[in-house]
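Novice: Would you mind keeping the following structure in view while I ask a few things?
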Amino acid sequence: MHPFWITAFLDSAPAHHQETVGFWQEATGYAVSPPRGAHDEFASLLAPDGDPYLKVQRRHAGADRIHLDLHVTDPLAAADAARVAGATIVADRGYVVMASPAGFVFCLVDHAASRVPAATVHGHGSASRVRQVAIDVPRASYDRELAFWTAVTGWSPRQSVVAEEFHVLDAPAGQPLGLLVQRLGADDAGEVRAHLDWGTTDRAAETERHLGLGARVLAQHRHWTVLADPNGRAYCLTDVAP
């Protein structure tokens with residue numbers, strides 16, 4: 001059962017959750033919803049048009065991470081299909097928390113959403129929007145993880161022309177986020193993780209804007225720039241249309 005919407009959650013350690021929310025609110029130009037949850041741990045970033053596709057969570061413990069919500073009509077049926085594809089169930093809280101074969105956490109929810117926000121035009125004239133989640137996978141787990149996300153989404157993978165270690169799962173019309181599955185280098189033995197990719201109309205101008213908000217540049221590449229927010233969360237600004 002394939003998702004009709006995907007939401008990316010910015011999960012933060014308690015000590016700097018508010019700072020993280022503030023940075024991403026300013027970077028996106030979105031408002032922040034009132035907090036919700038048993039401990040007021042959840043909130044949505046609200047675009048001026050469209051439905052929320054970026055949300056934040058204050059973790060009770062643990063480091064920063066990203067997790068995904070896959071919106072489906074029947075979470076329990078989708079969980080069964082995901083288990084067949086190789087996932088494991090972590091918890092059932094009215095929504096189903098699962099882990100991919102490599103251990104990437106995602107949730108199956110049935111919240112309605114359908115309106116994709118437009119790119120935000122900023123004061124200097126450039127436009128940008130978070131448009132993709134990159135799942136960064138250790139080499140030993142890569143083939144299985146790519147097959148898993150292909151099966152769970154129903155989206156066809158294609159080899160990126162930018163880098164051989166990238167496979168893109170193009171989101172169909174009506175999805176706010178695409179997926180990219182990246183094979184990590186041989187010297188990176190870390191766990192599976194994820195980062196957000198922005199599309200921009202002017203990457204240089206957007207880089208300067210983000211630096212003004214407290215980000216820093218980690219690396220420059222031909223088609224993208226790697227930055228870190230004030231708390232060290234890495235993300236990329238790309239030349240892809242937002």
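The values are calculated or read from the model by the stated rules, or taken from the named source; none is laboratory data. This structure is a prediction, so every number in the text was calculated from the model and none was measured. Note: ideal-geometry Cβ built from the backbone for every residue, glycine included; neighbour counts use all protein chains shown. What goes into the accessible areas is simple: the full protein's heavy atoms, side chains included, and nothing from ligands, DNA or RNA. Shrake-Rupley method; radii C 1.70, N 1.55, O 1.52, S 1.80 Å.
Novice: Regarding segment 198-212, can at least one residue be identified that is under 16 Å from the mean Cα position of the chain (by Cα), under 26 Å from D49 (Cα atoms), surrounded by fewer than 17 Cβ atoms within 10 Å (Cβ to Cβ) and not aliphatic (A, V, I, L, M)?
Specialist: No: segment 198-212 contains no residue that is under 16 Å from the mean Cα position of the chain (by Cα), under 26 Å from D49 (Cα atoms), surrounded by fewer than 17 Cβ atoms within 10 Å (Cβ to Cβ) and not aliphatic (A, V, I, L, M).
Novice: Is it the case that segment 99-110 has a residue that's open to solvent by less than 60 Å² (accessible area, probe 1.4 Å), at positive phi and in contact (Cβ under 8 Å) with a residue 60 or more places away in the chain?
Specialist: Filtering segment 99-110 down to residues open to solvent by less than 60 Å² (accessible area, probe 1.4 Å) leaves 99-109.
Right, trim to at positive phi and you get 103.
Applying the additional criterion that residues be in contact (Cβ under 8 Å) with a residue 60 or more places away in the chain yields 103.
Checked against the condition, which is being open to solvent by less than 60 Å² (accessible area, probe 1.4 Å), at positive phi and in contact (Cβ under 8 Å) with a residue 60 or more places away in the chain, segment 99-110 yields at least one hit.
Novice: Sticking with this structure for a sec: Of V226, V217, V168, V192, which residue is open to solvent by 40 Å² or more (accessible area, probe 1.4 Å) and of a type outside the set (G, A, S)?
Specialist: Exactly one residue qualifies, and that residue is V217.
Novice: Next question. Kindly state which strands (runs of 3 or more DSSP E) lie completely within segment 111-182 and contain at least 2 residues that are at pLDDT below 95 and either farther than 19 Å from H2 by Cβ or out of contact with any strand residue (DSSP E or B) (no Cβ under 8 Å at 6 or more places or on another chain) (or both).
Specialist: Hits in segment 111-182: none.
Novice: Out of all the residues in segment 133-151, which are open to solvent by 20 Å² or more (accessible area, probe 1.4 Å) and in contact with a Ser or Thr (Cβ under 8 Å, 6 or more places away or on another chain)?
Specialist: Residue satisfying the conditions is T150 alone.
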